[in-house]
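Undergrad: Take a look at the following structure, please.
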Amino acid sequence: MILSYFLFFIGLQHYYAQTSPTFIEIKGKIIDEDSKDALIFADIIILDSNMSTITNSDGEFVLKVPDSLTSKAVIFSHLGYQKKELKISELISNSKITLTPSATELSAIEIKTFKNAETLLRETLKNRHVYNSDNALMTGFYRETIKKRRKNASLSEAVVQIHKQPYSNFKNDAIELIKSRKSTDYTRLDTLAVKLQGGPFCNLYTDIIKYPEYIFTNDNIPLYDFSFGESTQVNNNPVYVINFKQKPSIIEPLYYGKLYIDSKTLALTNAVFSLNVENRKLASEMYIRKKPRKVDVYPTEATYRVNYRTQNGKWQYAYSNILLTFKVNWKGKLFNSIYTLNSEMAITDWRVNNTNIAKSRENMLKPTTILADETSGFKDPAFWGEYNIIEPEKSIESAIEKIKKQLKRT
């Protein structure tokens, strides 16, 4: 399994002061040049820096640029599209960016380099030397939302610092909490509250290269069927596509999806996959740790996405998104409830750390952490200061505005 989820919520909050230079804020939307559709999960990176963000489900983004970088350009990229470079001065008045679709067919000769898709996967999992080989301190923005049907019931956001171990070793990464805020409307949760255990660790563990044991192991790889899909591009480079799913004879819930592998470096660039939840009992055991005896809870959807980014010739974890949907049946009640849990984390800045990562710090999170606030949050409009965040969706913005209005009345 890749994650553990509990039912119920408890609180946690810590604030850090941040002092940094002044900045400008750029907002915009990235769309497909032909269809004009919004491009979700597109990367926005300041050239010659480690600062970045990603578009939300509406294709929108916000990027805070320090004064020292305003003369730089910004790179916009997305899986299957040609990357685009624009000067920051152009973006201040140019908020709509179009990307051109691109597709590259890998020749039969290139594909025949590998005996089959499974062989390519195994080579990719072993190919750790093309990933970051230094200790790194990564600034990440994390958001989790819980909805009952279509209404937001809980919103949590945090700025974290990830103490990322080199991909060349097998030590686990650590996460330090810098800022967090949360608000929950328990009136929308009936008598059942939903709790996400792990918080930012859940998203960090989707890093398949660093933590392959959560999805692919030497023991379970033979339980999958692998095949080549239609190739595509990432940052104008040709990319292998591997389709995978569990063999029909396997009862145990495994994953199915697509892996995108750079044809030059054999690095995993993106992965999109889901858990097979057809076996309700076994799938439920993978996620549910505690529930009332009179309640049946089982997942109806479990989808994951992880993106990597290359910098100075090395690849590293850049973004992940998790979407879980649960159905809750109360015994003796006619109607059921549907809850959707969504969490995402984006790396917005990073630097190489030449010293060993501290093993214990006051604000280090544990993998069992539940990210929640003990205070109302969302009061301070300048709460995030100059930290880069993921632009909220329209529905989340609406929920935050409602929370603000409620706080003004109290």
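Undergrad: Inside region 212-222, can you point out the residues that are surrounded by 15 or more Cβ atoms within 10 Å (Cβ to Cβ) and free of Cβ contacts under 8 Å to residues at least 40 places away in the same chain?
TA: N220
Matching residues to (1) at pLDDT below 85; (2) farther than 25 Å from V65 by Cα:
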{"position": "T303", "(1), (2)": "no, yes"}
{"position": "G332", "(1), (2)": "yes, yes"}
{"position": "N356", "(1), (2)": "yes, yes"}
{"position": "T375", "(1), (2)": "yes, yes"}
{"position": "Y387", "(1), (2)": "no, no"}
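Undergrad: How about region 110-132: which of its residues are surrounded by 13 or more Cβ atoms within 10 Å (Cβ to Cβ) and within 16 Å of I209 (Cβ to Cβ)?
TA: The answer is L120, L121, R122, E123, T124, L125, N127, R128, V130, Y131, N132.
Undergrad: In region 194-228, which residues are assigned to a helix (DSSP H, G or I) and within 21 Å of the chain's Cα centre (by Cα)?
TA: P200, F201, C202, N203, L204, P212, E213, Y214
Undergrad: Got a sec? Which strands (runs of 3 or more DSSP E) wholly within region 24-77 have at least 2 residues that are polar (S, T, N, Q)?
TA: 52-54
Undergrad: Are there any pairs with C-beta distances below 6 angstrom linking a residue in region 375-404 that is among the small types (G, A, S) to a residue that is at pLDDT below 70, with the two at least 6 apart or on different chains, and if so which?
TA: S376/L407; G385/Q18
Undergrad: Here's another thing I want to ask about it. Would you pick out the residues in region 115-149 that are in contact (Cβ under 8 Å) with a residue 60 or more places away in the chain and of a type in the set (D, E, K, R)?
TA: E118, R122, E123, R128, D134, R143, E144, K147, K148, R149
Undergrad: Restrict the check to region 139-154 and report whether at least one residue is touching a Gly at 6+ places or on another chain (Cβ under 6 Å), at pLDDT below 95, of a type in the set (D, E, K, R) and not in a loop (DSSP other than H, G, I, E, B).
TA: No - not one qualifying residue is present in region 139-154.
Undergrad: Name every residue in region 133-150 that is open to solvent by 10 Å² or more (accessible area, probe 1.4 Å) and within 15 Å of K314 (Cα to Cα), in order of residue number.
TA: Hits for region 133-150 are S133, D134, N135.
Undergrad: When region 308-336 is examined, which residues are found to be in contact (Cβ under 8 Å) with a residue 24 or more places away in the chain, more than 30 Å from H129 (Cβ to Cβ), in contact with a strand residue (DSSP E or B) (Cβ under 8 Å, 6 or more places away or on another chain) and surrounded by fewer than 19 Cβ atoms within 10 Å (Cβ to Cβ)?
TA: If the condition is that a residue be in contact (Cβ under 8 Å) with a residue 24 or more places away in the chain, more than 30 Å from H129 (Cβ to Cβ), in contact with a strand residue (DSSP E or B) (Cβ under 8 Å, 6 or more places away or on another chain) and surrounded by fewer than 19 Cβ atoms within 10 Å (Cβ to Cβ), then T325, K327, N329, W330, K331 are the ones that fit.
Undergrad: Confirm whether Y298 is aromatic (F, W, Y), closer than 22 Å to T368 by Cα, at pLDDT below 90 and assigned to a strand (DSSP E or B).
TA: So Y298 passes the test.
Undergrad: List the residue pairs whose Cβ atoms are under 7 Å apart, where the first residue sits in region 170-183 and is under 23 Å from A153 (Cα atoms), the second is of a type in the set (G, A, S) and in a loop (DSSP other than H, G, I, E, B), and the two are 6 or more positions apart or on different chains.
TA: Note: pairs meeting the criteria are R181/G377; K182/A372; K182/G377; S183/S376; S183/G377.
Undergrad: Next up: Being modelled with pLDDT under 95, of a type in the set (G, A, S) and open to solvent by 20 Å² or more (accessible area, probe 1.4 Å): is that true of S68 here?
TA: Yes: the conditions hold for S68.
Undergrad: Scan region 358-373 residue by residue and report those that are open to solvent by less than 60 Å² (accessible area, probe 1.4 Å), modelled with pLDDT of 60 or more and part of a loop (DSSP other than H, G, I, E, B).
TA: Passing the criteria: N363, L365, T369, I370, L371, A372.
Yes or no, residue by residue, for (1) modelled with pLDDT of 95 or more; (2) among the aromatic types (F, W, Y); (3) part of a strand (DSSP E or B):
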{"residue": "E230", "(1), (2), (3)": "no, no, no"}
{"residue": "P238", "(1), (2), (3)": "no, no, yes"}
{"residue": "F244", "(1), (2), (3)": "yes, yes, yes"}
{"residue": "L259", "(1), (2), (3)": "yes, no, yes"}
{"residue": "T265", "(1), (2), (3)": "no, no, no"}
{"residue": "A271", "(1), (2), (3)": "yes, no, yes"}
{"residue": "S274", "(1), (2), (3)": "yes, no, yes"}
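Undergrad: Tell me, which residue of region 287-303 that is of a type outside the set (D, E, K, R) and open to solvent by 30 Å² or more (accessible area, probe 1.4 Å) is farthest from F335 (Cα to Cα)?
TA: Across region 287-303, the extreme among qualifying residues is T303.
The values are calculated or read from the model by the stated rules, or taken from the named source; none is laboratory data. Given the structure is predicted, the values throughout are model-derived calculations rather than measurements. Neighbour counts run over all protein chains shown; Cβ positions are idealised from the backbone, glycine included. For accessibility, only protein heavy atoms count, side chains too; no ligands or nucleic acids. Shrake-Rupley method; radii C 1.70, N 1.55, O 1.52, S 1.80 Å.
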